[in-house]
Amino acid sequence: MLSMKHGFVTIFLSLIAAVVLFPISGQLMHANAATPNQTGVLVGYGGQIFGLADVSSDGHQTEITSSTNFIPPSGKVFEAWIVDGNYAASQYPLSLGQFSPAGKLKFDENMVNAHTYSDIVVTLEPDNDKDPKPAWSQSVAAYWLPPPFGQ
């Protein structure tokens, strides 16, 4: 009973966070840039909050920072990916890199068309993984990128 009540509270708080963050996400601006800033929740299984993602892009210059308090199991790392739904435009997921041991991730690139991407997904990968593809079966969290992404 306590576990079910805890799960309900987690989902409820996740929904409140999404309702509070979504309306303001497209209105914030970086101090020295003219690109919209979006902050959202990386949601894991059962609606559990995995971490936060902050995304700023003018369609080309793209900065993504993310953080989590979760620690991967020994021999594993959390890796973030930016993807387009069903490989619609880019035809591949782009690795944003792995989270640091302190639970931080920073990606800063000048991309051809960042707005083709629609989601950020975090997977659990082997440390020093040689496979350049995501381990989709080990996805632990995701964040849907609101418009102008997904075009």
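The values are calculated or read from the model by the stated rules, or taken from the named source; none is laboratory data. Here the structure is a predicted model, which is why all the values come from computation and not from measurement. Accessible surface is based on the protein model in full, side chains and every heavy atom, while ligands, DNA and RNA are left aside. Shrake-Rupley method; radii C 1.70, N 1.55, O 1.52, S 1.80 Å.
Residues that are assigned to a loop (DSSP other than H, G, I, E, B) and within 16 Å of Asn37 (Cα to Cα): does the stretch 113-123 have at least one? Show your work before the answer.
First pass over the stretch 113-123, keeping only residues assigned to a loop (DSSP other than H, G, I, E, B): 113, 117-118.
If we keep only those that are within 16 Å of Asn37 (Cα to Cα) as well, we get 117-118.
Among the residues of the stretch 113-123, at least one is assigned to a loop (DSSP other than H, G, I, E, B) and within 16 Å of Asn37 (Cα to Cα), which makes the answer yes.
Tell me the residue from Ala89, Ala135 that is at pLDDT below 95, open to solvent by 40 Å² or more (accessible area, probe 1.4 Å) and of a type in the set (Gly, Ala, Ser), please.
Details: Ala135 fails: open to solvent by 40 Å² or more (accessible area, probe 1.4 Å).
Checking each option against the conditions leaves just Ala89.
Within the stretch 95-114, track down each residue that is of a type in the set (A, V, I, L, M, F, W, C) and either open to solvent by 80 Å² or more (accessible area, probe 1.4 Å) or closer than 20 Å to Gly51 by Cα (or both).
Filtering the stretch 95-114 down to residues of a type in the set (A, V, I, L, M, F, W, C) leaves 96, 99, 102, 105, 107, 111-112, 114.
Matches in the stretch 95-114: Leu96, Phe99, Ala102, Leu105, Phe107, Val112.
Please state which of the following conditions Tyr117 fails to meet, knowing it meets all the rest: (1) over 15 Å from the mean Cα position of the chain (by Cα); (2) farther than 22 Å from Gln48 by Cα.
That leaves (1) as the condition not met.
Among the residues of the stretch 116-132, write down those that are open to solvent by 30 Å² or more (accessible area, probe 1.4 Å) and of a type outside the set (S, T, N, Q). Before you say what the answer is, go through the steps one by one.
Taking the stretch 116-132 and keeping what is open to solvent by 30 Å² or more (accessible area, probe 1.4 Å), we get 119, 126-132.
Within the stretch 116-132, Asp119, Pro126, Asp127, Asp129, Lys130, Asp131, Pro132 meet the criteria.
Checking the structure you have, find out if any residue of the stretch 29-41 is hydrophobic (A, V, I, L, M, F, W, C) and modelled with pLDDT of 95 or more. Give the steps one after another, and end with the answer.
To start, the set of residues in the stretch 29-41 that are hydrophobic (A, V, I, L, M, F, W, C) comprises 29, 31, 33-34, 41.
From what's left, modelled with pLDDT of 95 or more: 41.
So far as the stretch 29-41 goes, yes, one or more of its residues are hydrophobic (A, V, I, L, M, F, W, C) and modelled with pLDDT of 95 or more.
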